Each structure stands twice: as C-alpha cells, then as structure tokens.
Amino acid sequence: MRGLFVTFEGGDGAGKTTQSSRLADWLTEQGRTVVFGREPGGTELGQAIRELLLHGDHVAPRAEALLYAADRAHNVATRVRPALERGDVVVQDRYLDSSVAYQGAGRVLDGQQVRDLSLWASEGLLPDLTVLLDLPADALTHRLAHRGGFDRLESEAADFHERVRAGYLALAAAEPERFLVLDATRAVDELAAEIRERVAALLAD
Ligand code: TYD
C-alpha cells in the first residue's frame, strides 16, 4: 500500500482539529494505519520551537519563518517521510501552506521565498491532498471568542486574518488539483463526508 499525505489548513478556529480527527477515525476503520501530525510542535524539538513561537516576545518575521521551517524540516525527516515509506496515511494539522499564508501573505514576506524555504526544509515534499477550511474573518473572531484564551498570533488584528485567508485562497487557486476548499461554516458531518469522499478516491487510485 502506498502512503498518503493529507494536510488540513485554514485560519485559527476553522475546525481543522475536528475534521482531521474525524478523517483519521474513518481511515482507521478502513484498516489503514494513520499517523497524526501537527505543525508547529509535532515532535519533541518542535514542541520547544512552538513555545518560542507562540508565547515569546515579538519574533522578527524572517526569524519566525525560519523557526516554522526548522520545525517542518525535523517533522518531515523524523515522522512524515518514515510513515509514508511504511505505507501509512499521514493526516496533519498545518503544513507549508500555513507558512506561505501566515509568514508570506500575513507578514508580508515574499510568498515564493517562504515556499522555497519550506520546500528546501522538506526536501520537496508536497501533500497529496490539502483540505482548506475556509472561514470568513468575522466568523473566526466569533469562534475564537467562545473558545477562550488567545495566544500571540491569535490576538492579531482581523485584517491580518483577512490577508491570511486571501493568501490561502490564492494558493488553492494556483494548485486546484491538490486543494479541496470547503466553506468551514457548513455542518461538521457534511464537511467530514466530503473530505472522506475525496480521500477515498485518492486511495482507490
Ligand atoms: P496551531 O497550533 O495550528 O493553532 P490553531 O489550533 O489555533 O490553528 O498553529 C499555531 C499558529 O501558528 C497559528 O496561528 C498559525 C501559525 N503558523 C504559522 O504562522 N506558520 C506556519 O508555518 C505554521 C505551521 C503555523
């Protein structure tokens, strides 16, 4: 069996955790071995990097981009690639598109350079499928307010989130075959079914 790499992307609070665990449960029922990943912080080293990124003082934009890339490099080398080589399905919360959307569109670094940095870090690994849970900024603020507790990046102004959202939509438009863009305000069950359908088609290939 060939491995499959599925990533979930979207703004904070768009429902990535819910949908990625629903997909992982379904894949397990199908008899697949699922490796669940997240960035930043999917490895022990990544946990330390995550602390630096989310709870420290201001991090210069290029330093931020490099820290996310370092986390990614280690995660890909030690968890994602070995799993794919075993034939497992890797379901991951966030990957390189997060860097392009947040550090590129959000923090006004050059998106292509940020993408190239991540491709260098991952030795060119792209997901087979990227599910983009698209959430308008006003819905996002509402969801986060009800979840309590804001980390540094979550406290950024709404226009930052709008830039990130636009960045994601541009990425999806540029690679329509890799992306499945879904309106995150739709019912959880409906979204889960559509994601399963797409993954089932990839597994059948
Ligand atoms: P995450 O733990 O996924 O937070 P949430 O559950 O709120 O979505 O990600 C933490 C933050 O890191 C999130 O605000 C997005 C940001 N991020 C980047 O800016 N660049 C990246 O490359 C990644 C992976 C995440």
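None of the figures in this text is laboratory data; all of them are computed from the coordinates on show. Values in this document were obtained by computation on a predicted structure and should not be read as measured data. FYI the Cβ positions are ideal-geometry reconstructions off the backbone, even for glycines, and counts take in every protein chain you see.
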Legend entry - Mean-position separation - Cα centroids, region 21-47 and region 61-102, in angstrom: 13
Inset, instruction - Report, by chain and number, residues whose modeled amide H sits under 5 Å from the one on Phe179, excluding near sequence neighbours (fewer than 5 apart, same chain). - result: Thr130
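Loop only per DSSP, at most 10 neighbouring Cβ atoms within 10 Å: give me the trypsin sites (Lys or Arg not before Pro) in region 58-131, ordered by residue number.
Filter output for region 58-131: empty list.
Pairs of Cα atoms under 8 Å, at least six residues apart: use those to get the relative contact order of region 1-67, whole percent.
13
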Legend entry - Residues with amide H under 5 Å from that of Gly37, placed H, sequence gap 5 or more: Val91, Gln92, Asp93
Inset, instruction - Mind ranking 172-178, 23-29 by how tightly packed they are, going by the mean number of other C-beta atoms within 10 angstrom, highest first? - result: 23-29, 172-178
Inset, instruction - Please give the residues of region 1-33, grouped as numeric ranges, whose backbone N is less than 15 Å from a label point set 7 Å along the Cα-to-Cβ vector of Arg196. - result: 19-32
Legend entry - the chain - percent relative contact order, Cα under 8 Å, separation 6 or more: 31
